[in-house]
Ligand code: SME
């Protein structure tokens, strides 16, 4: 079995076994952080009205606990409903800095029936850390999370 399938299998199991949606989100961010060493900050934002509100995360505290849809890479991904990969955050004018060490970022919307419910946000201290493999893994994780939210 591929490594991606092993991680996805673990997310399926914890989604089936956790007592509530919030626990699934918390356990999922912890699992991703543990399984992928280049994921230095892993968090989930949930859409409330027209703001993204920080939910469970693993990593340093961020000042960006509420992000309007027209701000940041997070806002851009949620508005478009599309995954965004930024290889060099410092050259992207939309970027809202969370940590000086961060060099690249991926944001993956969590959507159900075409409606964005939230997103997975991951920062890496390595430039261009996120590949198509990361995208495939995280989009599959987002589909599982959409089922529990
Ligand atoms: N970098 C994000 C803000 C969230 S922090 O990375 C945790 C953005 O540009 O939207």
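The values are calculated or read from the model by the stated rules, or taken from the named source; none is laboratory data. Worth saying up front: this structure is predicted, and the values here are computed from it rather than measured. Cβ coordinates were reconstructed from backbone atoms using ideal geometry, including for glycine residues, and neighbour counts include every protein chain displayed.
Per-structure values
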{"read-out": "Search result, residues across segment 81-118 that are near the ligand (Cβ under 10 Å from one of its atoms), outside any strand (DSSP E or B) and touching a strand residue (DSSP E or B) at 6+ places or on another chain (Cβ under 9 Å)", "value": "89, 92, 94, 95, 96, 98, 99, 102"}
{"read-out": "Scope segment 37-53; condition within 16 Å of the ligand (Cβ to nearest atom) and within 21 Å of residue 134 (Cβ to Cβ); matching residues", "value": "38, 39, 40, 41, 42, 43, 44, 45, 52"}
{"read-out": "Any pair with Cβ under 7 angstrom, 6 or more apart, that starts in segment 32-54 at a residue that is at positive phi and ends at one that is surrounded by fewer than 16 Cβ atoms within 10 Å (Cβ to Cβ) and not in a helix (DSSP H, G or I)", "value": "none"}
{"read-out": "Candidates 104, 10, 23, filtered to the one that is touching a helix residue (DSSP H, G or I) at 6+ places or on another chain (Cβ under 7 Å), without any contact (Cβ under 8 Å) to a residue 60 or more places away in the chain, surrounded by 15 or more Cβ atoms within 10 Å (Cβ to Cβ) and over 14 Å from residue 121 (Cβ atoms)", "value": "10"}
{"read-out": "Selection from segment 54-75 of residues that are surrounded by fewer than 20 Cβ atoms within 10 Å (Cβ to Cβ), within 12 Å of the ligand (Cβ to nearest atom) and under 13 Å from the mean Cα position of the chain (by Cα)", "value": "54, 55, 58, 59"}
{"read-out": "Cβ pairs under 8 Å, 6+ apart, first in segment 66-80 and assigned to a loop (DSSP other than H, G, I, E, B), second modelled with pLDDT under 95", "value": "69/50"}
{"read-out": "Hey, residue 145 in contact (Cβ under 8 Å) with a residue 24 or more places away in the chain, touching a helix residue (DSSP H, G or I) at 6+ places or on another chain (Cβ under 9 Å) and buried (at least 17 other Cβ atoms within 10 Å of the Cβ) or not", "value": "yes"}
